[in-house]
Amino acid sequence: MNASLSIEHERLAEAARAQDAESIFDRAHVRRIELDLEYAGAVTPPEAWALVQQGAARLIDVRTAAEYTFVGRVPGSVNIEWHGHDPEPRKRFLEQLRAIAQEDEPLLLICRSAKRSDDAAFAAAEAGFKRVYNVLEGFEGQLDRNRQRGKIDGWRFRGLPWEQD
């Protein structure tokens, strides 16, 4: 990593430490009400990074393995693919989630644009996970008017740490 990236990551880490986990979870619960969510709540990418940095939550990336590997991923995240609500893929997702997480553990779910992670968070909550949160904006963000991602919002747009193969 070059010096300027190292300085930027340290700045982000310091900003993350400045946001205490309790305040972030409180804002996430407010969003739950505002957005009428069926799970614990939603966090912004910077809030998610703060929670991860503080060890207050685990980040689960629900994109495909190819997206996770080649498009990029958040350092320290775990990849458990979400393939929709059909019974078999849903069952596999929940089995893999249960293999690495407790039902009362804070889990942050992220995907490309926050849609799949919203669906996965709903399924996890329905299956008994009590503290599951969606990462708003996703890893790549929303499409702009030229149908390109990464120019409006998202994890990478926000300048948060990521890596790829």
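The values are calculated or read from the model by the stated rules, or taken from the named source; none is laboratory data. As the structure is a computational prediction, the values presented were derived from the model and not from experiment. Glycine gets a Cβ as well: all are built from the backbone with ideal geometry, and neighbour counts include every protein chain shown.
So, in segment 110-158, exactly how many residues are of a type in the set (Asp, Glu) and farther than 19 Å from VAL78 by Cβ?
4
Could you run through segment 35-50 and say how many residues are aromatic (Phe, Trp, Tyr) and closer than 14 Å to GLU126 by Cα?
Result for segment 35-50: 1.
May I ask you to list the residues in segment 67-97 that are over 23 Å from PRO46 (Cα atoms), under 17 Å from the mean Cα position of the chain (by Cα) and part of a helix (DSSP H, G or I)?
PHE93, LEU94, GLN96, LEU97
Consider PHE25 carefully, then state whether it is touching a residue at least 60 places away in the same chain (Cβ under 8 Å), surrounded by fewer than 17 Cβ atoms within 10 Å (Cβ to Cβ) and hydrophobic (A, V, I, L, M, F, W, C).
no
Given the residues GLU14, GLU8, which is the only one that is at pLDDT below 95, in a helix (DSSP H, G or I) and exposed (fewer than 11 other Cβ atoms within 10 Å of the Cβ)?
GLU14
Quick one: LEU59 ticks every box in (1) surrounded by 15 or more Cβ atoms within 10 Å (Cβ to Cβ); (2) assigned to a helix (DSSP H, G or I); (3) among the aliphatic types (A, V, I, L, M) bar one, so which box is it?
Of the numbered conditions (1) surrounded by 15 or more Cβ atoms within 10 Å (Cβ to Cβ); (2) assigned to a helix (DSSP H, G or I); (3) among the aliphatic types (A, V, I, L, M), the odd one out for LEU59 is (2).
Select from segment 128-149 the residues that are on the phi > 0 side of the Ramachandran plot and free of Cβ contacts under 8 Å to residues at least 12 places away in the same chain and list them in ascending order.
The one that is on the phi > 0 side of the Ramachandran plot and free of Cβ contacts under 8 Å to residues at least 12 places away in the same chain: ARG147.
Tally the residues that are assigned to a loop (DSSP other than H, G, I, E, B) and farther than 20 Å from GLY150 by Cα, restricting the search to segment 98-136.
Selection size over segment 98-136: 11.
With the requirement that a residue be closer than 17 Å to HIS29 by Cα and in contact with a helix residue (DSSP H, G or I) (Cβ under 7 Å, 6 or more places away or on another chain), what does segment 111-128 give you?
Listed by number, the list holds a single entry, ALA124.
Considering only residues of segment 101-127 that are in contact (Cβ under 8 Å) with a residue 24 or more places away in the chain and more than 22 Å from GLU137 (Cα to Cα), which is surrounded by the fewest Cβ atoms within 10 Å (Cβ to Cβ)?
Among those that are in contact (Cβ under 8 Å) with a residue 24 or more places away in the chain and more than 22 Å from GLU137 (Cα to Cα), it is ASP104.
Looking only at residues in segment 154-165 that are touching a residue at least 60 places away in the same chain (Cβ under 8 Å), out of contact with any helix residue (DSSP H, G or I) (no Cβ under 6 Å at 6 or more places or on another chain) and in a loop (DSSP other than H, G, I, E, B), which one is surrounded by the fewest Cβ atoms within 10 Å (Cβ to Cβ)?
GLN164
I'm checking my understanding of the structure. Among residues of segment 32-56 that are in a helix (DSSP H, G or I) and acidic (Asp, Glu), which one is surrounded by the fewest Cβ atoms within 10 Å (Cβ to Cβ)?
GLU34
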